[in-house]
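Just below is one structure, and these are the notes that go with it.
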Amino acid sequence: MNVKEAKHLAYALKNNITLISFNLNIGEYGSDVLYHLKDGLQHNKTLTTFELYYRNMGSIETRNLIEALQDNMTLTTLGLVGNKIDSEGARYLAKALQNNTTLETLLLQTNHIGDDGLQHLSHLLQKNTSITTLNLYNNKITDIGVQYLTRTLLTNTTLTTLTLYFKNIGNNGIKYIGELLSKNKTLTTLHLYIYDDNNETLQYLTQALYNNTTLITLKLSGKKIDAQSAQDLAEAIENNSSLNTLELYGNDIDVEVVKYLSAALRINKTLTKLSLHNSHIGCDGIGYIGKVLENNTTLLTLDLRWNSIDDESVKFLSQALQKNKTLITLDLSHNSFTNVGLEHLVDALLKNKILTTFHLGANKIDEKGVQLLANVIKNNTTLTELDLFWI
């Protein structure tokens, strides 16, 4: 976008009375474009979602944007992803939003906020009473920044969803998160990207899950989970009574880990969604999951994408689907089974009267396999969504 286009857009925003969502990539002319958009954004009374991508946004550009939005009383979602916002920019943002009463979602992933910037944002959360969702993925945050944030969240009563990236965060950072989960009564969704080889980091989280009664969704990504960590996590799941969604995607999970998780699922009565996609589960691991599904009465959604599931593995799932009475969504896309494996699934679909959503795309299924599915669809009366993309 160039400056002339920005002037036209600013005029439109100033006078528009219907637009509620605006997503903008302003490219190389970002500073000048923001200057002209400022007037339009200041006077707009309808936008509820504003998302801006400008990869060279510095402190001055951040201040111009915030000055345009600080008196806005309609925005509920502000996305400033991939904008190189630094600690000074975070300070402007925190100052502008501390008295805002309408903003609910603040998306700041892939910036340069750092520990000092997170301290400013923590001060914001001490005063702001409307922000419920905060995404800080990939922001060069260390243990120090996490400590600032968790201290604030011990008393904050509005934030319900938090996303953090732990490439630069050590044991102390995870420990602070664990302490937060043990005491916080507001967080319901926590997403942690953990990229390290230290399995002690999970101990703090699993210990916290024993006492936490409010967390509903836990997402752990990028972690190599060993057998001991899996056993600790499984025991926490067995005893936790609030968690209904567990996502362990992008982790390195071997058969021993799946074994412990499967045992926990036999006891847990609250988990309704389990995601293990891209976790290298293997045939034996799928066997354990299949056995659990045969008798499980709580799981509604199972995500097994990107797990190299072959024809032999599919047998276990097919047998389970013939007996399971609760699963309504199953994702087996991006695996490696062929028409042979599909035949087993088709047999299951003829008998299963519960499954409503089935993802099978990006496998090794050819025209003959599609014909098999077409034949079964004629007689199936429960399936409402069948995804076959990339076949």
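Do the alpha carbons of any pairs in Lys167/Lys224; Lys273/Lys315; Lys167/Lys273 sit beyond 25 Å of each other, and which pairs?
Values: Lys167/Lys224 13 Å; Lys273/Lys315 22 Å; Lys167/Lys273 27 Å.
Beyond 25 Å: Lys167/Lys273.
At q = 0.16, 0.20, 0.24, 0.27 Å⁻¹, what log₁₀ I(q)/I(0) does a Debye calculation on the Cα points of the stretch 313-359 give, no solvent, two decimals?
-0.38, -0.60, -0.87, -1.08
For the stretch 315-326, just list the computed ³J(HN,Hα) in residue order, Karplus coefficients 6.51, -1.76 and 1.60, θ = phi - 60°, integers in Hz, with x standing in for Gly and Pro.
My calculation for the stretch 315-326 gives 3, 4, 5, 5, 4, 5, 5, 6, 10, 5, 10, 10 Hz in order.
For Cα pairs less than 8 Å apart in space and 6+ apart in sequence, what is the mean separation divided by the residue count of the chain, i.e. the relative contact order in percent?
Numbers: 916 pairs, mean separation 27.7, N = 391.
Computed value for the chain: 7 percent relative contact order.
Test of understanding: express the Cα radius of gyration of the stretch 1-48 as a ratio to 2.2 N^0.38 Å, with N the residue count.
Working: Rg = 10.2 Å, N = 48, 2.2 N^0.38 = 9.6 Å.
Working it through for the stretch 1-48, the quotient is 1.06.
Roughly how tilted is helix 255-267, in degrees to the nearest 10 and between 0 and 90, from the longest Cα axis of the chain?
Compared with the principal axis, the helix lies near 90 degrees.
Roughly speaking, what is the stretch gain from Gln70 to Tyr195, that is 0.36 nm per residue apart minus the C-alpha to C-alpha distance, in nm to one decimal?
Working: separation 125, 0.36 × 125 = 45.00 nm, distance 3.58 nm.
Roughly 41.4 nm would be gained on extension.
Please report, as a whole percent, how much of the solvent-accessible surface of the chain comes from carbon and sulfur atoms (probe radius 1.4 Å).
Numbers: 8330 of 17220 Å².
Carbon and sulfur together cover 48 percent of it.
Give me the lysines in straight-line cross-link reach of Lys95: C-alpha distance below 22 Å, same-chain residues under 8 apart excluded.
Partners found: Lys38, Lys45, Lys84, Lys127, Lys140.
Calculate the dipole size of the chain relative to its Cα centre from +1 charges on Lys and Arg beta carbons and -1 charges on Asp and Glu beta carbons; express the result in debye to the nearest 20. Intermediate results must be reported in sequence, preceding the final value.
Numbers: 34 positive and 39 negative charges, 215 e Å.
Using only the charged Cβ atoms, the result is roughly 1040 debye.
Enumerate the whole-percent occupancy of each 5 Å bin, from 0 to the last occupied one, for all C-alpha pair distances of the stretch 161-270.
Binned Cα distances yield the sequence 2, 13, 24, 29, 21, 9, 1, 0.
Considering the options Val370, Thr338, Ile309, tell which one lies farthest towards the positive end of the dipole of the chain, charges being +1 on Lys and Arg and -1 on Asp and Glu at the Cβ, about the Cα centre.
Value: Val370.
If you roll a 1.4 Å probe over the heavy atoms of the protein chains, what accessible area per residue do you get for the chain, in Å²?
Working: 17220 Å² over 391 residues.
On a per-residue basis, 44 Å².
What is the sum of charges around Lys7, taking Lys and Arg as +1, Asp and Glu as -1, for the other residues whose C-beta is under 15 Å from the C-beta of Lys7?
Values: positive: Lys4, Lys14, Lys38; negative: Glu5, Asp32, Asp39.
That works out to 0.
Show His334, His43 ordered by accessible area, largest first, where the area counts protein heavy atoms only and the probe is 1.4 Å.
Of His334, His43, the descending order of accessible area is His43, His334.
Could you work out the local net charge near Asn168, counting Lys and Arg as +1, Asp and Glu as -1, over the other residues with Cβ closer than 9 Å to its Cβ?
Details: positive: Lys140, Lys167; negative: Asp143.
Charge balance near Asn168 sits at +1.
Which residue, Lys291, Lys185, Lys378, has the most motion in a Gaussian network model of the chain that connects Cα atoms within less than 10 Å?
Lys378
With all distinct Cα pairs included, what does the Kirkwood hydrodynamic radius of the chain come out to in Å, to one decimal, could you say? Display every interim value, and only then the final one.
On the way: mean 1/r = 0.0434 Å⁻¹.
Over the chain, the inverse of the mean reciprocal pair distance is 23.0 Å.
Counting Lys and Arg as +1 and Asp and Glu as -1, what is the net charge of the other residues whose Cβ lies under 14 Å from the Cβ of Asp366? Walk me through the intermediate numbers first.
Values: positive: Lys364, Lys368; negative: Asp311, Glu343, Glu367.
Net charge in that neighbourhood comes out at -1.
Could I get the Rg over Rh figure for the stretch 316-391? Both from C-alpha atoms, Rh via Kirkwood, rounded to two places. Provide the component values of the computation, followed by the final result.
Numbers: Rg = 11.2 Å, Rh = 12.2 Å.
Rg divided by Rh gives 0.92.
Please determine, in degrees from 0 to 90 and to the nearest 10, the orientation of helix 114-127 with respect to the longest principal axis defined by the Cα atoms of the chain, where the helix direction is its Cα long axis.
Computed tilt is about 80 degrees.
How high is the relative contact order of the stretch 118-271? Use alpha-carbon pairs under 8 Å, at least six apart in sequence, and give a whole percent. Walk me through the numbers on the way to the answer.
Working: 295 pairs, mean separation 27.6, N = 154.
Relative CO of the stretch 118-271 lands at 18 percent.
The values are calculated or read from the model by the stated rules, or taken from the named source; none is laboratory data. Worth saying up front: this structure is predicted, and the values here are computed from it rather than measured. Heads up, the Cβs are rebuilt from the backbone with ideal geometry, glycines too, and the neighbour counts pull from every protein chain shown. Only protein heavy atoms, including side chains, enter the accessible area calculation; ligands, DNA and RNA are left aside. Shrake-Rupley method; radii C 1.70, N 1.55, O 1.52, S 1.80 Å.
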